[in-house]
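What follows is a single structure, written as structure tokens, with notes after it.
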Amino acid sequence: MNVEEYLEKVKEAAKFVQEKVSKKPKMAIILGSGLGKISQSLDETISIPYSEIPHFPRSTAPGHKGELLIGQLKGKNTLLMNGRFHYYEGYTMKEVTFPIRVMQELGIETLIITNAAGALNPDFEVGVPCIITDHINFFGDNPLIGPNIDDWGPRFPDMTEVYSRNLVQEAFKSAKKLNLKVYSGVYLGLSGPTFETPAEMSMLRNFGADVVGMSTVPEAIVARHGGMNILGITAITDKAVPEQLKEVTAEEVIEVAQKTGEQIANLIMGMIDAF
Ligand code: HPA
């Protein structure tokens, strides 16, 4: 697909969504595996299935639905992306990040990205949220490869503050207020779908990462390119530490994510005025 076609498709999808809503959302949340909890706090919700949106990909991953939810989160007009697209599903980087461009066209200024991930940091406990302070792109690919659309962002975007330091601080304030335990750390994103071997876990930890997962990085790169403020929150669902090995299953990941999702929903609701 050439860039003009891609741009046209994004615009058509955005127009379709915009015509369904009366007030434009300024904030969006990507709901990771098992992290749909916050959608229960959304009022005056309208649901738009991905299958109805022109050119929108469909989600196939377990624990992921396929719909945009638009409504009020404590009075803030918000778009929830219920079900994301993963590189391991076979989508291209442009497909994985198509919804982010649609958000950009809709005028989204703040993006909250949630995900489930394994802990590389041996001190991190399962079931605790981790605020993402930075990331390592280990996908071996980048969604910005190819001709640049200058209206969307610069050819060589700065990546010194992908995750807003201000929002990280606000997230910590919210956690303190709620008496919630949270960590902060570096998220390393890779393609999957395999979980890591013990040798890979050691390597990734030595690279300076605290958590490892199969999403978020492509979305964050595109959102940053597009000038959005980003907050990333991980639900730690398992340990990727060679000395503390336990077999990981997708079912377990989703089960723990659902429990941790409640805390993440509270954390976001507790800092809603910061967005
Ligand atoms: N590794 C990679 N991705 C993940 C993990 C993990 O341990 N847990 C949840 N997503």
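Structure notes:
- Grouping the Cα pair distances of the range 133-275 into 10 Å bins from zero gives a pair-distance distribution of 10, 35, 35, 18, 2 percent in increasing distance order.
- Förster-model FRET efficiency, 25 Å R0, N166 and K26, C-beta, rounded to 0.05: 0.95
- 27 Å Cα-Cα threshold exceeded, pairs from K37/K173; K74/K173; K26/K239; K177/K259; K15/K94: K26/K239
- Dipole axis of the chain (+1 Lys, Arg; -1 Asp, Glu on Cβ), positive-most option in F56, F124, T260: T260
- Modelled FRET efficiency - R0 45 Å, L245 with M159, Cβ distances, 0.05 increments: 0.85
- Computed 3J(HN,Hα) for the range 125-133, one whole-Hz value per residue from the Karplus formula 6.51 cos²θ - 1.76 cosθ + 1.60 where θ = phi - 60°, is 9, 5, x, 10, x, 10, 7, 7, 9, glycine and proline marked x.
- The phi torsions of the range 204-220, fed into the Karplus equation with coefficients 6.51, -1.76 and 1.60 and a -60° offset, translate into couplings of 5, 5, 5, 6, x, 9, 9, 9, 9, x, 10, 8, 6, 4, x, 5, 5 Hz, rounded to whole numbers, with Gly and Pro shown as x.
- Per-residue extension of 0.36 nm, minus the Cα-Cα distance of L178 and E255, leaves a gain of 25.4 nm for this segment.
- Amide H within-cut-off set for A116, under 5 Å, with H built and near neighbours excluded: S33, A235
- The share of alpha-carbon pairs in the range 110-201 lying farther apart than 14 Å comes to 74%.
- Computed 3J(HN,Hα) for the range 225-232, one whole-Hz value per residue from the Karplus formula 6.51 cos²θ - 1.76 cosθ + 1.60 where θ = phi - 60°, is 3, x, x, 7, 8, 10, 10, x, glycine and proline marked x.
- Cα point-scatterer Debye curve for the chain, base-10 log of I(q)/I(0) at q = 0.11, 0.12, 0.13 Å⁻¹: -0.57, -0.68, -0.81
- Note on M269 and E19: the extension gain reaches 87.3 nm, defined as 0.36 nm multiplied by sequence separation minus the Cα-Cα distance.
- Calculated Rg and Dmax of the range 195-263 using C-alpha coordinates, Å: 14.1, 40
- Packing-based ranking of 37-48, 217-228, 234-245, 178-189 yields 217-228, 234-245, 178-189, 37-48, ordered from highest to lowest mean Cβ neighbour count within 10 Å.
- The range 152-212 - Kirkwood radius from inverse mean 1/r over Cα pairs (Å): 14.5 Å
- Spin-label model distance (nm) - E5 vs N148, 7 Å beyond Cα toward Cβ: 2.4 nm
- In percent, rounded to a whole number, the relative contact order of the chain is 26, using alpha-carbon pairs under 8 Å and six or more apart.
- Taken about its Cα centre, the chain carries a charge dipole of about 760 debye when Lys and Arg each add +1 at the Cβ and Asp and Glu each add -1 at the Cβ.
- Helical mean residue ellipticity (222 nm; -39500 (n - 2.57) per DSSP H run of 4+; nearest 500) of the chain: -9500 deg cm²/dmol
Any read-out appearing in this document is the output of simple, stated calculations on the displayed coordinates, not a laboratory observation. Because the structure is predicted, anything quoted here is derived from the model rather than measured. So basically every Cβ, Gly included, is an ideal-geometry build from the backbone, and we count neighbours across all protein chains shown.
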